[in-house]
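Just below is one structure, and these are the notes that go with it.
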Amino acid sequence: MVLTDLQMPAMDGLSLARHIKKRSPSTPVILLTGSDREAVREKVERGPVDAVIFKPFTLEDFQRTVQGALELRK
């Protein structure tokens with residue numbers, strides 16, 4: 001599993017997710033972001049990201065999202 005932020009200095013999280021999925025399609029990728037929900041949902045709708053966690057989030061949100069992404073791979 002890979003947890004990555006959407007906005008990073010050298011490469012954004014979507015680009016990273018694409019690279020990961022090319023090498024390891026079954027690796028779950030979860031995107032963390034504080035960006036606008038609608039804009040992010042449109043970007044990831046049919047992309048390489050398995051789940052998105054919007055900041056700020058609770059521990060329960062985090063656990064539920066991670067568990068859901070792992071269960072998709074079973």
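Just a few scattered comments:
Listed here are the residues, each with its yes/no results for (1) touching a Ser or Thr at 6+ places or on another chain (Cβ under 9 Å); (2) surrounded by 11 or more Cβ atoms within 10 Å (Cβ to Cβ).
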site: Leu6; (1), (2): yes, yes
site: Lys22; (1), (2): no, no
site: Ser35; (1), (2): no, yes
site: Phe54; (1), (2): yes, yes
site: Thr58; (1), (2): no, no
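- Test for Ala10: is it free of Cβ contacts under 8 Å to residues at least 12 places away in the same chain and among the aliphatic types (A, V, I, L, M): yes
- Contact annotation: residue pairs with Cβ atoms under 6 Å, 6 or more positions apart or on different chains, pairing a residue in segment 58-72 that is over 9 Å from Pro28 (Cα atoms) with a partner that is surrounded by 13 or more Cβ atoms within 10 Å (Cβ to Cβ) and of a type outside the set (Val, Ile, Thr), are Thr65/Ala51.
Here is a yes/no grid of residues against (1) part of a helix (DSSP H, G or I); (2) among the polar types (S, T, N, Q):
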{"site": "Pro9", "(1), (2)": "no, no"}
{"site": "Ile20", "(1), (2)": "yes, no"}
{"site": "Leu31", "(1), (2)": "no, no"}
{"site": "Val40", "(1), (2)": "yes, no"}
{"site": "Ile53", "(1), (2)": "no, no"}
{"site": "Gln63", "(1), (2)": "yes, yes"}
{"site": "Val66", "(1), (2)": "yes, no"}
{"site": "Leu70", "(1), (2)": "yes, no"}
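Each reported figure results from applying straightforward, stated rules to the coordinates on display, with no laboratory input. In this text the structure is predicted, and so the values were computed from the model without any measurement. Heads up, the Cβs are rebuilt from the backbone with ideal geometry, glycines too, and the neighbour counts pull from every protein chain shown.
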